[in-house]
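The values are calculated or read from the model by the stated rules, or taken from the named source; none is laboratory data. Small disclaimer: the values here were computed from a predicted structure and weren't measured. Heads up: the accessible areas ignore ligands, DNA and RNA and are worked out on the full protein's heavy atoms, side chains in. Shrake-Rupley method; radii C 1.70, N 1.55, O 1.52, S 1.80 Å.
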Amino acid sequence: MIPYDFEYYRPASVNEAVNLYRQLDTQGKRPLYWSGGTEIITLGRLNQVITGAVIDLKAIPECREMSVREDKLILGSALTLSQLYDSRVFPLLGETGGEVADRTSRNKITFGGNICGRFIYREAVLPLLLTDSEVRIAGPAGGRQAPITQAFDQTLQLGKGEFLVQTVTDESYRRMPYITIKKRKVAVIDYPVVTAAGIRTGSGIRVAFSGVCAFPFRSEAIEARLNLRDIPLKERVEQAIALLPAPILSDIKASAEYRGLILKLTLEDILKALGAE
C-alpha cells in the first residue's frame, strides 16, 4: 500500500496529457506519468517516490499503437512486455523483455515504463540501441523525434513534462539473426547478473548490455573488437571487455569479478551463435 494520497488522471490524447502535467505541476502536485505503474507503486511504498498526482498514458491511442507503416515498425510506449512477447512483431525485443520479472508482472510492466524506469536494468532499450531505432517524445515544447543513440545516455533524456510516446524501428531489422541471453545467479525471475542482446547485420555483429555496468549501453568500440575475425575469439572478448564504458557493477547479486567472468562467457556464446567465430 502506498502511504500517501494522490490524484489519478487518464487523458485521452497526447495534448491532454501534456496540458495536465503543466497544470498539476503549477499546483505543486509533482505529477508523474503513469504507464504500468509497477515501479511507482514499488518505490512509493518505500517513500522513494512521492507525488500528488499521476497521469495514466494507457488511454492515449498513440501510446498503444503496434503497426508497420512505410517499412517502419511503430510501437507505443504503453504496450506491455507481455503484449510485445506474444505478438512476435519484434522477436528480439519480445524475447529480451520477455524474461523481465514474471508473467504476471510483465502483464503490467510497459515498454516505455521499463525504458524510462529508475531501476538500472531497463533491458527493453537494448534492441532499440542495436537497431538504430528512433524515439518520439511529447512535452510542453511540442513533439520531437530523435535517434535512440542520441536520446539515450545511461537513461532516456527527457525534459520536464516530457514522456515517451512511441519508438520507430526499420522493419528490416526484424528479419536479421539475433540472440538474447540473460544470466541470473539463482532464481529464474531474479534480477540479472548479465543481460546481453546481439544481432548480425550486413556490417557485422552488434551487442548491447544490461546489468554489467550501472546502466544499459551499446559500444561501437567494443563491437569493432568483437568483429576482428583475424584475432582468436577469446582474445577478442578479452579486448572488448577492456573497453567497457564504466566499472563492472559489484552488488549483492554478484561481485565485479564474478560478473566479469559471466560477461566473458556470454560474449563467447553470442559470437558463436551469430557465426562470428
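Brief remarks follow.
- MRE, 222 nm, helices only [DSSP H, n ≥ 4, -39500 (n - 2.57), over the chain, to nearest 500]: -8500 deg cm²/dmol
- Listed by chain and number, the lysines whose C-alpha is less than 23 Å from the C-alpha of Lys72, apart from same-chain residues fewer than 8 away, are Lys58.
- Percentage relative contact order, the chain, counting C-alpha pairs under 8 Å, at least six apart: 15 percent
- The mean sequence distance of close C-alpha pairs (under 8 Å, at least 6 residues apart), as a share of the length of the stretch 142-277, puts its relative contact order at 21 percent.
- Couplings for the stretch 133-147, taken from phi via the Karplus curve 6.51 cos²θ - 1.76 cosθ + 1.60 with θ = phi - 60°, read 5, 10, 10, 10, 10, 10, x, x, 8, x, x, 8, 10, 8, x Hz in order; Gly and Pro are left as x.
- Only protein heavy atoms count here; under a 1.4 Å probe, Glu238 has an accessible surface of about 90 Å².
- Residues whose amide H comes within less than 5 Å of that of Asp56, counting only those at least five positions distant or on another chain, are Tyr9, Arg10, Trp34 (H built at 1.01 Å from N in the peptide plane).
- Among [x] 27, 25, 17; [y] 36, 19, 17; [z] 34, 21, 16, the entry derived from the coordinates for semi-axes √(5λ) of the Cα gyration tensor in Å: [z]
- Global size of the stretch 7-56 as Cα Rg and Dmax, reported in angstrom: 10.8, 32
- Highest mobility in the GNM of the chain, judged by mean-square fluctuation with C-alpha springs under 10 Å and restricted to Thr38, Thr104, Thr155, is found for Thr104.
- Across Lys160/Lys182; Lys183/Lys272; Lys182/Lys272; Lys182/Lys234, pairs whose alpha-carbon gap is larger than 24 Å: Lys160/Lys182
- Here the contact order of the stretch 7-56, divided by its residue count and restricted to Cα pairs under 8 Å and six or more residues apart, works out to 54 percent.
- J(HN,Hα) series, the stretch 261-277, from Karplus relation 6.51 cos²θ - 1.76 cosθ + 1.60, nearest Hz, glycine and proline x: 5, 5, 4, 4, 5, 5, 4, 4, 5, 5, 5, 5, 5, 9, x, 10, 5
- Candidate lysines for bridging to Lys185, where Cα separation is under 17 Å - those fewer than 8 sequence places away on the same chain excluded: Lys253, Lys264
- Each residue of the stretch 167-180 was assigned a 3J(HN,Hα) from its phi angle through the Karplus expression (A = 6.51, B = -1.76, C = 1.60, θ = phi - 60°), giving 10, 10, 10, 4, 4, 5, 5, 5, 9, 7, x, 8, 8, 9 Hz with x at Gly and Pro.
- Equivalent-ellipsoid semi-axes of the stretch 61-173, from the Cα gyration tensor, Å, largest first: 20, 17, 13
- P(r) tail, the stretch 6-111: Cα-Cα pairs separated by more than 18 Å, 55% of all pairs.
- Evaluated at q = 0.15, 0.23 Å⁻¹: base-10 log I(q)/I(0), Debye formula over Cα of the stretch 117-225: -0.69, -1.29
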